[in-house]
Amino acid sequence: MDKLQHLLTLKDLSQEQLLALLDLGKKIKANPAQYSQALAGKSIVTLYEKQSLRTRVTFDIGIAKLGGHAVYLDQNNGALGKRESVADFAKNISCWADAIVARTFAHKTVEDLAEHGTVPVINSLSDMYHPCQGLADFLALSEQFDDLSKIKLVYIGDGNNVTHSLMFAAAITGADMVVICPEGCFPDGKVVTDAQELAAKHGGNLTLSTDPSAAKNADAIYTDTWISMGDSITFDEIKDKFAPYQVNQQMMSDLGIGYFMHCQPAHIDQEVTQEVFDGEKSLVLQQAENRMHAQNAVMVTLLT
Ligand code: CP
Ligand code: NVA
């Protein structure tokens, strides 16, 4: 298996690499003591151009559980390209740290960090991708389904960074995926084409629809905010267009849907109702917990 250099997008992973990360994530989760010194003496710098709860906490606590150490740079001190260039951030941090974890507006910024630095870069959310989320989500799905290549995963709502990463995870594992969005809110066309090619290669399928009934018999339905960080649109401008795409109990029952998933933060009574979000079929806290285990698998893989 080729050695991974960075985690910028799941598209870069072979099926073997992706399944190995999920497998390692499960092992670390099941047996944390065995990995308590896996990254002893290693340090990461985590940079944030945007807000975070889950990502910040899971990287900080996650690396500590592996015996390593995280330095957090907030939206002021992690403001790439303002006080100094992205290239200089990358070159300087590479002098001290063993990896850079970056949450950025433009995806190009994480690519530039990887180009100019000499240590692994982990994308912890850009405008295009959220690969750590996608890995954690597929770890959560693998805890419910033995064979990911047999599941039907539906994403409903705004086609965004999280959708893109889920599309690649589904394509690489050979799952069937349906992405349901209002007209004009579909995922990036090139990402769709690339994911469809990967899906075909791995025996999966990726289709798009504007019709919420295309979620029928989904093993899991996933939604995310209708307005992502950095989007300039207002809720009033989009609420009518998105209203039929809300995940509620009626949709779950009428369409025979199995599990509910959300990366969080959730906007209750917008993309999902409280009842579904807190319901017995909701995997949201397993997803949140698995952020740490999946990322720890990524860090162990990249840094050892
Ligand atoms: N899902 C996720 O990335 O959450 P945060 O924005 O809180 O990090
Ligand atoms: N699509 C959302 C995900 C947040 C974790 C955003 O980019 O804001």
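The values are calculated or read from the model by the stated rules, or taken from the named source; none is laboratory data. Keep in mind that what you see is a predicted model, and the values were worked out from it rather than measured. Please note: Cβ atoms are built from the backbone with ideal geometry, for glycine as well, and neighbour counts cover all protein chains shown. All accessible areas refer to the heavy atoms of the entire protein, side chains included, with ligands and DNA or RNA removed. Shrake-Rupley method; radii C 1.70, N 1.55, O 1.52, S 1.80 Å.
Among the listed pairs Lys152/Lys241; Lys150/Lys216; Lys3/Lys152; Lys11/Lys201, which are separated by more than 23 Å between their Cα atoms?
Lys152/Lys241; Lys3/Lys152
At a 1.4 Å probe radius, which order do Glu115, Glu271 fall into by accessible area, largest first? Mind dumping the intermediate values first?
On the way: Glu115 130, Glu271 0 Å².
Of Glu115, Glu271, the descending order of accessible area is Glu115, Glu271.
Within the accessible area of the chain, what % is carbon and sulfur when the probe is 1.4 Å and the other protein chains stay in place?
Ligands and nucleic acids excluded, carbon and sulfur give 49 percent.
Calculate how many DSSP beta bridges within the chain are antiparallel, expressed in % of all such bridges and rounded to the nearest 5.
Around 0 percent antiparallel, to the nearest 5.
Binned at 5 Å from 0, what are the whole-percent values of the Cα-Cα distance distribution for region 74-145, short to long?
Each 5 Å bin holds this share of Cα pairs: 3, 17, 24, 23, 14, 8, 6, 4, 2, 0.
Determine the shape class of region 37-82: with a ≥ b ≥ c the square roots of the Cα gyration tensor eigenvalues, call it rounded for a/c under 1.5, and otherwise prolate if a/b is greater than b/c, oblate otherwise.
oblate
I need the per residue convex hull volume for region 1-150, using only the alpha carbons, in cubic angstrom as a whole number.
Hull volume normalised by residue count: 115 Å³.
Report, in whole Å, the centroid distance computed from the Cα atoms of region 193-219 and region 79-158.
Going from one Cα centre to the other spans 23 Å.
If the cut-off is 15 Å between C-alpha atoms, which aspartates and glutamates fall inside it for Lys82, apart from same-chain ones fewer than 8 positions away?
Cross-link targets: Glu49, Asp74, Asp112.
Per residue of region 71-88, in order, report the coupling 6.51 cos²θ - 1.76 cosθ + 1.60 (Karplus, θ = phi - 60°) as ³J(HN,Hα) in whole Hz, putting x for Gly and Pro.
10, 9, 10, 7, 5, 7, 7, x, 6, 4, x, 9, 6, 8, 5, 4, 4, 5
Considering just Cα atoms, how many Å³ per residue does the convex hull of the chain enclose?
Value for the chain: 121 Å³ per residue.
Going by Cβ distance under 4.7 Å, what cysteines of the chain have no possible disulfide partner?
Among the cysteines of the chain, those whose Cβ sits 4.7 Å or more from every other are Cys95, Cys132, Cys263.
Give the Kirkwood hydrodynamic radius (Å, one decimal) of region 91-189, defined as one over the mean of 1/r across all pairs of different Cα atoms.
Values: mean 1/r = 0.0675 Å⁻¹.
Here the Kirkwood hydrodynamic radius works out to 14.8 Å.
Which percent of Cα-Cα pairs in region 158-201 sits in each 5 Å bin, short to long?
5, 26, 35, 23, 9, 1
If Lys and Arg each add +1 and Asp and Glu each add -1, what is the summed charge of the other residues whose beta carbon sits under 15 Å from the beta carbon of Glu183?
In short, -3.
Just to confirm, what accessible area per residue do you get for the chain at 1.4 Å probe, in whole Å²?
Solvent-accessible surface per residue comes out at 42 Å².
Once you order the gyration tensor axes a ≥ b ≥ c over the Cα atoms, which shape class does region 11-55 get: rounded for a/c under 1.5, otherwise prolate or oblate by comparing a/b with b/c?
oblate
Over the Cα atoms, compute the radius of gyration (one decimal) and Dmax (the largest Cα-Cα distance, rounded to a whole number) for region 159-304, in Å.
In order Rg, Dmax, the Cα atoms of region 159-304 give 15.7, 50 Å.
With a point put 7 Å past each Cα toward its Cβ, work out how far Lys239 is from Asp269 in nm, to one decimal.
Label-label distance for Lys239 and Asp269, simple model: 1.0 nm.
Work out the length of the dipole vector of the chain about its Cα centre, built from +1 on the beta-carbon of each Lys and Arg and -1 on the beta-carbon of each Asp and Glu, and round it to the nearest 20 debye.
900
How high is the relative contact order of the chain, given as a whole-number percent (alpha carbon pairs under 8 Å, six or more residues apart)? Write down the numbers at each step before the final one.
Values: 626 pairs, mean separation 61.7, N = 304.
It comes to 20 percent, rounded to a whole number.
Helix 107-116 against the longest principal axis of the chain: what's the angle in degrees, Cα atoms only, rounded to the nearest 10?
Helix 107-116 sits roughly 20 degrees off the main axis of the chain.
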